[in-house]
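Pasting a structure here, questions to come.
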Amino acid sequence: MTLLNAFRPQDNEVQLSELARRTGLPKPTVHRLIKELVDQGFLERGRRGLRLGHTLFLLGSRAPQHQLLRRTALPCLHRLNEATGGSAYLSFADGPNVVHLDAVHSPSLQTMRRTDHGSVCASAARQVLSSPVPSERAGGRQYTTVPGARGLVAVSTPVLGGAGTPAAALTVVGVMTHLRPEIAARHAQGAARSISRQLQEPWEQPPC
């Protein structure tokens with residue numbers, strides 16, 4: 001687990017020596033554990049080092065709460081994309097990191113690097129997931145607006161869980177000249193309310 005947790009979101013492949021440095025484990029121990037993890041599919045060998053393997057993806061896809069969250073949110077992501085013209089993201093917090101669980105990308109943003117979208121989305125989502133104090137309010141619900149590189153802007157609002165705390169973030173990313181934050185926030189908040197209701201009462205399926 002220490003080795004697997006040493007991988008960071010931006011990592012593609014990591015060399016054995018770097019894993020030993022990050023974990024503080026002796027290189028022979030790291031070498032032995034890596035062999036076991038590769039044999040079980042938790043790690044894979046690449047050209048330049050080790051990368052996370054398919055077994056982790058399979059296990060992650062079986063997590064019931066994330067399955068329910070993704071299944072519930074996907075229709076809302078499509079409608080949010082259509083209503084705003086921006087890319088719609090569903091994200092959750094993994095410690096200090098933000099993981100994008102699903103996304104519906106806008107064709108109008110295809111000329112821009114996907115990393116730019118993800119970066120500004122993560123910044124906005126991190127704010128609503130980490131702070132109980134809203135940056136702005138629209139219709140009595142919080143949302144956050146964050147400018148990004150190349151004229152991008154992200155508008156993010158929390159999806160509340162059963163305890164009234166953020167379970168995920170719903171974020172719209174678009175170009176500042178085309179995406180109006182207050183309108184995107186209104187659509188995102190409506191979708192977030194619908195997702196929250198369905199998570200708490202999964203037998204009901206209100207429209208987004």
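Dipole of region 1-84 (Lys/Arg Cβ +1, Asp/Glu Cβ -1, origin at the Cα centre): which of Val30, Leu74, Leu59 lies farthest to the positive side?
Val30
Quick one: which residues, 5+ away or cross-chain, put their amide H under 5 Å from the amide H of Gly161? H built at 1.01 Å from N.
Distant-sequence amide H within range of Gly161: Ala167.
Just check region 1-99 against the gyration tensor rule for me: Cα atoms, a ≥ b ≥ c as the square roots of the eigenvalues, rounded for a/c under 1.5, and otherwise prolate or oblate depending on whether a/b exceeds b/c.
Because a/c hits 1.5 or more and a/b exceeds b/c, region 1-99 counts as prolate.
Please report the net charge: other residues with Cβ closer than 11 Å to the Cβ of Ala88, K and R +1, D and E -1.
Charge balance near Ala88 sits at -1.
From the phi of every residue in region 172-188, what ³J(HN,Hα) in whole Hz does the Karplus formula 6.51 cos²θ - 1.76 cosθ + 1.60 yield, where θ is phi - 60° and glycine or proline is x?
Values, residue by residue: 10, 10, x, 8, 4, 6, 10, 9, 8, x, 5, 6, 4, 5, 5, 5, 5 Hz.
Taking the full set of protein chains and a 1.4 angstrom probe, give the accessible area of His187 in square angstrom, rounded to the nearest 10.
Using a 1.4 Å probe on the heavy atoms, I get roughly 80 Å².
Probe 1.4 Å, all protein chains in place: accessible area of Glu36 in Å², nearest 10?
Accessible area, nearest 10 Å²: 100 Å².
The values are calculated or read from the model by the stated rules, or taken from the named source; none is laboratory data. Keep in mind the model is a prediction, meaning the values are calculated, not measured. Cβ atoms come from the backbone with ideal geometry, glycine included; neighbour counts cover every protein chain shown. The protein model used for the area step is the full one, side chains on, heavy atoms only, and it has no ligands, DNA or RNA in it. Shrake-Rupley method; radii C 1.70, N 1.55, O 1.52, S 1.80 Å.
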